[in-house]
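Peer 1: A single structure is presented below for examination.
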Amino acid sequence: MLVTGGAGFIGSTLVDRLLGLGHTVTVVDDLSQGRREQVAPGARLYPADVAGEWVAHIVARERPETVVHLAAQIEVGRSVADPLADARINVLGTVNVLTAAAEAGVRRAVLASSGGTVYGEASVIPTPEDHPTRPASPYGAAKLALEGYGTAFTQSLGLPTVSLRLANVYGPRQSPHGEAGVIAIFAERLRRREVPVVNGDGGNTRDYVYVDDVVAAMVAALTLPPDVYNVGTGVETSVIEIHQALARLAGIDAPARHGPPRPGDLRRSALDCRRLRAASGWKPAVPLAEGLARTLAAMAAAPPTGS
Ligand SMILES: NC(=O)c1ccc[n+]([C@@H]2O[C@H](COP(=O)([O-])OP(=O)(O)OC[C@H]3O[C@@H](n4cnc5c(N)ncnc54)[C@H](O)[C@@H]3O)[C@@H](O)[C@H]2O)c1
């Protein structure tokens, strides 16, 4: 197996699971966000750019049966500020990885898309896969392009590809330093006994899915028919509810501060995941309260590093 982005939050958790299942695992990650220490010693790490020429050499040399492509620029705000830089990594990087995989005779690719951004403001919630897609950000547009390439490589280049539209993933190892990942951001502030800042009124809802459940969906995707699948819980939870639950778990009794709303933030988002469940039997196993407790416990045991 080759996992791009395997030094990151979801990728390193997937690598642990794949090694546990007995797979040989190779990681390609430029370590721009991911951390070398997060890559289990049993995996071979190539520090390389997914949009660069090394990828073809690495895939040809390692000859993985499957490529799971998770490497990406993950900040929506950065994609708005610099759509071209986002597209270089998220679109060209994807085409580069898929091309290298098809040329090396890889049997399957699994791609990380984004259920929180490809639909835009949805008229049906929880949102099924056949809902119209209208991404509001270059990041979402790039993820939709990634899915399109997945279909094209399945149909014309002999590389069966599954795209997973992930909801809002949370859990241990998520960076609290970006714009994404409100649970990691709040948990880190609470750990430092600081008051989290809620953008806007905090009524925005998201579908929070625990990282181990996402990893289980990725493992299921290794044998699924090529298609696009939502991966979430179908449950909407507001930012205020997240803050309250985390504050309670952290034993802190102070209300959040409110800042200005973030322009372009969706009001509501949750995914209908019946397609994946029907195809594989997958369903999320970790309830939010338990996932939050596990996240806080992991953070207390190994405080995040970096700025
Ligand atoms: N976390 C979420 O809620 C969520 C939701 C939907 C989709 N996704 C997708 O899941 C994937 C993994 O996200 P994550 O949350 O683990 O983020 P992450 O930032 O922890 O992981 C991404 C990894 O990609 C690496 N990377 C970035 N640019 C690269 C490049 N040019 N070449 C090689 N490696 C590069 C980073 O170093 C990092 O290790 C991404 O594709 C992301 O878009 C995540």
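The values are calculated or read from the model by the stated rules, or taken from the named source; none is laboratory data. This one's a predicted model, so the numbers in the text were calculated from it and none came from an experiment. Here the Cβ is made from the backbone with ideal geometry for all residues, glycine too, and neighbour counts use every protein chain on show. Accessible surface is based on the protein model in full, side chains and every heavy atom, while ligands, DNA and RNA are left aside. Shrake-Rupley method; radii C 1.70, N 1.55, O 1.52, S 1.80 Å.
Peer 1: For region 86-115, enumerate the residues that are within 24 Å of Val182 (Cβ to Cβ), touching a helix residue (DSSP H, G or I) at 6+ places or on another chain (Cβ under 8 Å) and either among the charged types (D, E, K, R) or open to solvent by 20 Å² or more (accessible area, probe 1.4 Å) (or both).
Peer 2: Asp86
Peer 1: So which of Ala136, Ala142 is modelled with pLDDT under 95 and either under 21 Å from the mean Cα position of the chain (by Cα) or open to solvent by less than 50 Å² (accessible area, probe 1.4 Å) (or both)?
Peer 2: Going through Ala136, Ala142 in turn, just one is modelled with pLDDT under 95 and either under 21 Å from the mean Cα position of the chain (by Cα) or open to solvent by less than 50 Å² (accessible area, probe 1.4 Å) (or both): Ala136.
Peer 1: A further question on this structure: For region 155-170, which positions are near the ligand (Cβ under 9 Å from one of its atoms) and open to solvent by less than 10 Å² (accessible area, probe 1.4 Å)?
Peer 2: Leu164, Tyr170, listed by residue number.
Peer 1: Sticking with this structure for a sec: How many of the residues making up region 1-15 are under 14 Å from Val219 (Cα atoms) and open to solvent by 10 Å² or more (accessible area, probe 1.4 Å)?
Peer 2: Within region 1-15, residues that are under 14 Å from Val219 (Cα atoms) and open to solvent by 10 Å² or more (accessible area, probe 1.4 Å) number 3.
Peer 1: Would you mind telling me which numbered condition in (1) closer than 30 Å to Pro225 by Cβ; (2) within 14 Å of the ligand (Cβ to nearest atom); (3) out of contact with any Pro (no Cβ under 9 Å at 6 or more places or on another chain) Thr117 fails?
Peer 2: With (1) closer than 30 Å to Pro225 by Cβ; (2) within 14 Å of the ligand (Cβ to nearest atom); (3) out of contact with any Pro (no Cβ under 9 Å at 6 or more places or on another chain) applied to Thr117, the lone miss is (3).
Peer 1: When residues of region 193-209 are filtered for being outside any loop (DSSP other than H, G, I, E, B) and open to solvent by 10 Å² or more (accessible area, probe 1.4 Å), how many remain?
Peer 2: 5
Peer 1: Could you check region 17-75 and list, in sequence order, the residues that are over 22 Å from Ala101 (Cα atoms) and in contact with a Lys or Arg (Cβ under 8 Å, 6 or more places away or on another chain)?
Peer 2: Listed by number, the list holds a single entry, Gln38.
Peer 1: I would also like to ask the following. Please go through region 280-301 and give me each residue that is more than 17 Å from Thr233 (Cβ to Cβ) and either without any contact (Cβ under 8 Å) to a residue 24 or more places away in the chain or in contact with a Pro (Cβ under 8 Å, 6 or more places away or on another chain) (or both), ordered by number.
Peer 2: Result: Ala297, Ala298, Met299, Ala301.
Peer 1: Quick one: is Ala302 surrounded by fewer than 12 Cβ atoms within 10 Å (Cβ to Cβ), over 28 Å from Arg36 (Cβ atoms), of a type in the set (Gly, Ala, Ser) and out of contact with any Ser or Thr (no Cβ under 9 Å at 6 or more places or on another chain)?
Peer 2: No: the conditions fail for Ala302.
Peer 1: Separate question: Based on this model, can you work out whether Ala152 counts as away from the ligand (no atom under 16 Å from the Cβ), part of a helix (DSSP H, G or I) and modelled with pLDDT of 95 or more?
Peer 2: yes
Peer 1: A further question on this structure: For region 244-279, give me each residue that is out of contact with any Leu (no Cβ under 9 Å at 6 or more places or on another chain), touching a residue at least 40 places away in the same chain (Cβ under 8 Å) and not in a loop (DSSP other than H, G, I, E, B).
Peer 2: Arg257, His258, Gly259, Arg274, Arg275
Peer 1: Would you check which residues across region 16-46 are surrounded by 22 or more Cβ atoms within 10 Å (Cβ to Cβ), within 11 Å of the ligand (Cβ to nearest atom) and not in a loop (DSSP other than H, G, I, E, B) and list them?
Peer 2: Listed by number, the residues that qualify are Val27, Val28.
Peer 1: A follow-up question, please. Conditions first: (1) within 25 Å of Ser12 (Cβ to Cβ); (2) within 16 Å of the ligand (Cβ to nearest atom); (3) touching a residue at least 40 places away in the same chain (Cβ under 8 Å). Arg191 passes all but one, so which condition is the exception?
Peer 2: It fails just one condition, (2).
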